[in-house]
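A.B. asks: Structure incoming, see below.
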Amino acid sequence: YYANRKDLHERLNNVIDTTIKKTFDLNQMRGLFLSCVADFDHTIDELITHAFNRLTSEDKQNEIKLAIKDIALSHHIESQKKLESISHGEHLDKFLTMLTSDPKQTVLQRLLQEADDLELNSFCVRIINYTADIIQPRNKLAHYMKKELNNGKYILVSKDKQEIFDEMLFQGLRHKLLEYRDTFNQLLNNVSIK
């Protein structure tokens, strides 16, 4: 197979380059980010549930539920009536349905701090920039419209805002997704075994 193919090295490099460039395509990144954040949301729900169940005080649990309601209200004024209908006695899952990605991370941070566990507190530092690193780029990729592609740079616009995404930024974003995936998995292992 190789013997009579003097251009095989060049052709393989072209295939590899083309494959790599496809992974930095705008639509590929949009799909990847939406998929990963959806997975992260489910993992964060699971983490919140484990951390919540570790609280031994019913007063602390009610305090967390009230905090979730307050956080959800601050993010979703239109959901006020639905939130007011949830009583303190409801299961935690009912509260979590009221939160989107960004406030979920806020609740998780608080629960990790409430645990009074140095190992869990170390995870707070690792996830503190989740909104800036993951949620904000996800929102831009999902909601901004592609204006043009120029020299490998995607220019995305939303009303009077403009963002430029290029191969280097996409590569950095993919690394962030991997870092947070690993962090959440480590945290899940840590929280669920204690």
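A.B. asks: Express in whole angstrom the spacing between the alpha-carbon centres of the range 79-139 and the range 34-73.
C.D. replies: Rounded to whole Å, the Cα centres lie 5 Å apart.
A.B. asks: While we're here: Using just the helices of the chain, give the 222 nm mean residue ellipticity in deg cm²/dmol: DSSP H runs with n ≥ 4 each add -39,500 (n - 2.57), and the total is spread over all residues, rounded to 500.
C.D. replies: Roughly -22000 deg cm²/dmol at 222 nm, from the helical runs in the chain.
A.B. asks: Here's something else I'd like to know. Could the peptides 28-38, 100-110 be put in order, highest first, of the mean number of other beta-carbon atoms found within 10 Å of their residues?
C.D. replies: Most protected by this proxy first, the peptides run 100-110, 28-38.
A.B. asks: Another one. Which FRET efficiency value, to the nearest 0.05, is calculated for ARG54 and ASN14 with the Förster distance at 41 angstrom and r the Cβ-Cβ distance?
C.D. replies: Efficiency, from the Cβ-Cβ distance: 0.15.
A.B. asks: Give the carbon-plus-sulfur fraction of the accessible surface of the chain in %, rounded to a whole number; probe 1.4 Å, heavy atoms of protein chains only.
C.D. replies: Roughly 50 percent, rounded to a whole number.
A.B. asks: My understanding is that a pair violates if its Cα-Cα distance is over 30 Å; which of LYS60/LYS161; LYS94/LYS147; LYS153/LYS176; LYS104/LYS147 do that in this structure?
C.D. replies: Pairs exceeding 30 Å: LYS60/LYS161; LYS94/LYS147; LYS104/LYS147.
A.B. asks: Let me ask something else. Provide the gained length on full extension for the span LYS159 to GLN171, in nm with one decimal, where the gain is 0.36 nm per separating residue minus the Cα-Cα distance.
C.D. replies: 1.7 nm
A.B. asks: Where in the chain are the DSSP H helices whose C-alpha atoms run 30 Å or more along the long axis and whose mean Kyte hydropathy is at least -0.5?
C.D. replies: Correct list, ordered by number: 26-53, 167-193.
The values are calculated or read from the model by the stated rules, or taken from the named source; none is laboratory data. Note that the coordinates shown come from a computational prediction; the quantities given were computed from them, not determined experimentally. All Cβ positions, glycine included, derive from the backbone under ideal geometry; neighbour counts span all protein chains shown. Just the protein is used for accessible areas: all its heavy atoms, side chains included, with ligands, DNA and RNA removed. Shrake-Rupley method; radii C 1.70, N 1.55, O 1.52, S 1.80 Å.
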